[in-house]
1. Can you give me the relative contact order of region 2-277 as a percent, contacts being Cα pairs under 8 Å and 6 or more apart?
2. How far, in nm, would the chain grow between residue 178 and residue 235 when pulled straight, counting 0.36 nm per residue and subtracting the alpha carbon separation?
3. If I model a spin label at residue 164 and residue 101 as a point 7 Å from the Cα along the Cα→Cβ vector, what separation in nanometres do I get?
4. Taking the Cα centre as origin and putting +1 on Lys and Arg beta-carbons and -1 on Asp and Glu beta-carbons, what dipole magnitude results for region 2-277, to the nearest 20 debye?
5. For region 157-278, what relative contact order do you get, as a whole percent, if you take Cα pairs closer than 8 Å and at least 6 residues apart?
6. Highest first, please rank the peptides 224-233, 139-148 by the mean number of other Cβ atoms sitting within 10 Å of their residues.
7. What is the percent carbon and sulfur in the accessible area of region 155-278, measuring with a 1.4 Å probe over the protein chains and ignoring ligands?
8. Taking each pair of different alpha-carbon atoms in region 2-277 once, compute 1/r for the pair, average those values, and report the inverse of that mean as the Kirkwood hydrodynamic radius in Å to one decimal.
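The values are calculated or read from the model by the stated rules, or taken from the named source; none is laboratory data. Everything quoted here is computed from the prediction, not taken from an experiment. Positions of Cβ are backbone-derived with ideal geometry, glycine not excepted, and every protein chain shown enters the neighbour counts. Only protein heavy atoms, including side chains, enter the accessible area calculation; ligands, DNA and RNA are left aside. Shrake-Rupley method; radii C 1.70, N 1.55, O 1.52, S 1.80 Å.
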Amino acid sequence: MFYKRLINYFKLSFLRYVFGRFNLVRKIRRVINKNFFNSKIFYDLNDYVLSYIPQNEILKSLVTQGFSKEIHLKKEINDLILSNYKNSKFISYKIYNQERNEFKNFIDLKNSKIDIPFFELQNSNLIPLFDKISRSKLLMKIAKDYLGNVKKIDTKLTYSTVVNLEDSEREKYRQTVKWHYDVHDLNFLYIFFYISGADKYSGAHEIIKNSHNKKSFFKHLIGSAKKNDSDLRKFYNKENFFIIEGSPGDGFIEDTSCFHRALKPSLKPRLCLQFRYH
Ligand SMILES: [Fe+2]
């Protein structure tokens with residue numbers, strides 16, 4: 001029974017890994033989601049997330065550019081997270097040997113003086129707030145319109161530090177500093193909030209605009225979803241490479257089937273809240 005389940009899981013995840021990268025498959029998935037599934041996730045009637053432009057313009061930008069940076073958290077909500085995150089557990093995982101490091105709070109991490117680039121934070125006091133933010137009407141409406149439906153939301157609060165490490169070592173700690181597109185489902189949407197703000201010196205996100213609509217079958221869709229910088233710069237116009245910077249509380253919505261990467265924080269760490277809608 002256990003083995004059967006295990007085999008099915010790998011079959012399903014493998015199918016997602018293969019087919020999730022094709023635009024046409026994602027479009028079909030959207031139609032199926034919209035017409036044959038009912039969402040069991042309900043809006044929360046808070047006003048924690050606001051937008052600078054109308055919702056239909058955000059959607060238009062998602063379709064044409066692959067992202068929109070026109071959302072932000074209400075200041076008091078962002079301040080609440082900023083004043084509480086240091087009480088979280090800071091946890092890091094190393095992918096290949098599954099090494100796990102856990103620090104009981106921010107002071108514990110600072111005292112350790114270990115060079116780890118990327119942490120996931122766990123804080124039970126913040127979970128209800130994150131749940132409300134993720135189900136705020138604005139975000140749910142955008143996610144529903146773009147995906148056809150919302151069946152699941154994953155939440156992460158992450159902390160990227162200023163350390164001197166090679167990219168390959170950072171990737172082992174799940175800090176995605178190499179160009180890639182995401183393939184973990186047939187259709188998905190990410191929403192990020194820069195809780196501490198981010199610019200190119202503090203871990204901002206970089207995207208290749210419109211690359212969710214434009215990939216070469218042989219160069220990009222076959223094989224690894226990770227690609228190197230010089231090959232991508234030969235294929236895409238330089239105006240399409242865009243660093244998404246923001247003040248504390250600013251957010252953005254992204255179809256992460258666009259090529260993207262996290263820049264390495266060189267001057268300041270980055271605290272980021274992220275939601276993944278399926
Ligand atoms: Fe990614």
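1. After rounding, I find 28 percent.
2. This chain segment gains 18.9 nm when fully extended.
3. Between residue 164 and residue 101, the label points sit 1.6 nm apart.
4. Around 1040 debye, computed over region 2-277.
5. 53
6. Per-residue mean Cβ counts within 10 Å order the peptides as 139-148, 224-233.
7. Values: 2450 of 4950 Å².
Reported share for carbon and sulfur atoms: 49 percent.
8. Working: mean 1/r = 0.0511 Å⁻¹.
19.6 Å is the Kirkwood radius here.
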